[in-house]
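The values are calculated or read from the model by the stated rules, or taken from the named source; none is laboratory data. Source: prediction; values computed, not measured. Because the Cβ atoms are built from the backbone with ideal geometry, glycine has one as well, and the counts that use them run over all protein chains shown. To get the accessible areas, we keep the full protein, side chains included, count just its heavy atoms, and leave off ligands, DNA and RNA. Shrake-Rupley method; radii C 1.70, N 1.55, O 1.52, S 1.80 Å.
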Amino acid sequence: MTTLPRPATELSADDARRIALRAQGFLGTPDRRAGVRGVLRHLGAVQLDTISVLARSHELIPYARLGSVGRRTVEAAYWTPASTGTPAARPHAFEYWSHAACILPVEEWPHFAFRRRAYRNRPHWNHELPDGTYDQVVKQLRAEGPLTATELGGAKRTSEWWDWSGTKVAVERALMYGEVVCVERRGWKRVYDLAERAIPDALLHDELDDTECVRRLVRLAGESLGVGTRADIADYHRLKGEQVDAVIADSGLVPVTVAGWGKPAWADPTALETPPRGRHRTTLLSPFDSLIWERARTERIFGFTHRLEAYVPKPKRVYGYFAMPVLSGGRLVGRVDPAREGRTLVARQATLDGAKAVPAVAQALVEAASWVDCTDVRVERVDASELREPLTMELARLLG
């Protein structure tokens, strides 16, 4: 690591927690006029994932911040062009590799040039590309696009999920290179178009060098986190630690110390100007929410161990397939593994941080149920059996 400058200020652990909550949109009054697009630009990246329990993660993330925004409204906000029906129509967002596969604000296209260059220079790929397929895919998109991989000629050779067709390999490689862009998801399938057609002309360039790209993403990560360690900042857009070290002194972030963190930290200077105040959200969180992306950070800030168990064998799961942390009063007070049976939201397993968490967990469940058009909530299991009856009674009161 590079030599660190003297910290600009010292923060308590609670200061850092509140700054992080405000930076992520969970403390204070949300800007409802900016809506889902405002959430996307505020966070800088919204992660996509195939799992859908209550809803898909990219829907859950604005819901957690804005409340009961319609699911169709969410999709339209991400993908509807700026001026539909005209030749100048351009998307507000694009999909690319950031923290993972993420929806990103379209104005950040130039700042991922470093990653596109890295993919172009990659010496090998896991999938073979038949001769001529790449050029054929680009030619077809130019003539017919936007298209899904199926419309381009087929996504798979067999029923195995990993057995991509040559067409799918080609269009995904073109996506990584930046010649093609994902302009929406249709039935969870990527819809591809040529970047030259989808990205605004002023943004369609790779002119920024790697250093400038990384500096921008480090600054964006610091703003979205409020305050974070080197590892926190690197993880946000999956940068390397040495990349962060090379630019952080010139990123506009300021060094701080946080009581109990044990490692140097950096903060968005704007976040330090005023103390975080306002209303706390009470909500279920997607396991893929950027508030809790990084396990070590989540434990450091909230004293809460978060792990997605969807890919853990069922007998070894502790909290459930898609356990969603419950945020209330600026704390993570429990978690719920939800499911849906008709018009009933089912809490297959609920884990509460004591009796004081009962009202918050009940409120989060009832609000989530309403959002996904469920009229009832049923609790199957509560880890602390003595809390099952109080939780059930509180749910009945809120639903009644």
Under the condition of being open to solvent by less than 20 Å² (accessible area, probe 1.4 Å) and outside any loop (DSSP other than H, G, I, E, B), which residue from the stretch 242-254 is nearest to PHE322 (Cα to Cα)?
VAL244
For the stretch 267-384, give me every one of the strands (runs of 3 or more DSSP E) that falls completely inside it and has 2 or more residues that are among the small types (Gly, Ala, Ser), farther than 20 Å from VAL227 by Cβ and under 24 Å from the mean Cα position of the chain (by Cα).
331-341, 344-352
Any pair with Cβ under 8 angstrom, 6 or more apart, that starts in the stretch 295-324 at a residue that is within 22 Å of VAL346 (Cβ to Cβ) and ends at one that is among the small types (Gly, Ala, Ser) and not in a helix (DSSP H, G or I):
LEU308/ALA323; GLU309/GLY320; GLU309/ALA323; TYR321/ALA310; PHE322/ALA310; MET324/SER286
Is one or more of the residues making up the stretch 217-229 closer than 19 Å to THR298 by Cα, buried (at least 20 other Cβ atoms within 10 Å of the Cβ) and touching a Leu at 6+ places or on another chain (Cβ under 6 Å)?
yes
How many residues does the stretch 6-62 hold that are among the polar types (S, T, N, Q) and open to solvent by less than 10 Å² (accessible area, probe 1.4 Å)?
2
Residue that is loosely packed, with under 13 Cβ neighbours inside 10 Å, touching a residue at least 24 places away in the same chain (Cβ under 8 Å), not in a loop (DSSP other than H, G, I, E, B) and not aliphatic (A, V, I, L, M), where the choices are ARG116, ARG142
ARG142
So the check is Cβ under 7 Å with 6+ separation or different chains; which pairs have a first residue in the stretch 385-400 that's more than 15 Å from GLY334 (Cβ to Cβ) and a second one that's open to solvent by 70 Å² or more (accessible area, probe 1.4 Å) and part of a helix (DSSP H, G or I)?
LEU398/GLN363
For the stretch 275-283, indicate whether the set of residues that are over 21 Å from PRO62 (Cβ atoms), surrounded by fewer than 22 Cβ atoms within 10 Å (Cβ to Cβ) and not acidic (Asp, Glu) is non-empty.
yes
